[in-house]
1. Any idea what angle helix 148-178 forms with the longest principal axis of the chain, computed on alpha-carbon atoms, 0 to 90 degrees, nearest 10?
2. Considering amide H positions built from the backbone, and no H for Pro or chain starts, which residues 5 or more places from residue 187, or on another chain, come under 5 Å of its amide H?
3. Compute the helix-to-body angle for 99-120: its Cα long axis versus the longest principal axis of the chain, expressed 0 to 90° and rounded to tens.
4. Over the Cα atoms of the range 1-63, compute the convex hull volume and normalise it per residue, giving Å³.
5. Using Cα-only point scatterers and the Debye equation, what is log10 of I(q)/I(0) for the chain at each q in 0.10 Å⁻¹, rounded to two decimals?
6. Summing -39500 (n - 2.57) over the DSSP H runs of n ≥ 4 in the chain and dividing by its residue number, what mean residue ellipticity at 222 nm do you reach, to the nearest 500 deg cm²/dmol?
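Bear in mind these aren't lab numbers, they're just calculated from the coordinates by the rules spelled out. Values in this document were obtained by computation on a predicted structure and should not be read as measured data.
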Amino acid sequence: MDPGYRAANPVPLGLYAFGWTTILLQGATTGMTEPSTTSVTYCFALFFGGLVQLLAGMWEFKRNAVFGATAFSSYGGFWLSYGIYGILTEAGVFATPAPEGLQMMLSLWGILTFILFICTIALSVALQMLFLFLSITFFLLAGGVLNHTCNQVGGGFGIFVGLVAWYIASAELINHLYRRTVLPLGVMRLARLEPELRDPYYDHGDEMI
């Protein structure tokens, strides 16, 4: 392979996949759609939300973009796990999990997401919003396991998170195609203070991860 070869930016694809699947699932959580929508989500979680994000994470590894690789691979794994578990549960292979187990799982994802939020302080305001509100969403959904109102509020936050993800994806795509900032992301420059933290994609004029 040509040593000068650089993979295309997978961020728009990964964020569109994440946002779309998140909005679809949380539409059922909030009651905007029928509860049966959750079953539809399982297949899309496996391929669009899961596999596509996992591939985006692998491509980010290829570009030496450690944050994007970590985030996309993690949430790709989340959606793959969600899809498989949901299908097997509906098929009767797995029993319905205990509330405490669901709360622990969602809380752990909230903690991991908050750690990633701390990392975004060096990246962009848009990413800060995405990961902060996603962390809040996970904690609300954890509380919502035993509280219907909390669950619906968490679903509302989840829809907002999905829309933010779509905004960032659109900004990445449109700004790249037009070679100028059409949709601002509020890019931070803190990471540039440390050369070892620089992302090669950052150094070539693009704005995210």
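1. 20 degrees
2. Amide H neighbours of residue 187, under 5 Å, 5+ apart: 125.
3. Around 10 degrees separate the two axes.
4. Details: hull volume 4.1 nm³, N = 63.
Given the Cα convex hull of the range 1-63, per-residue volume reads 65 Å³.
5. -0.44
6. Helix-only estimate at 222 nm: -23000 deg cm²/dmol.
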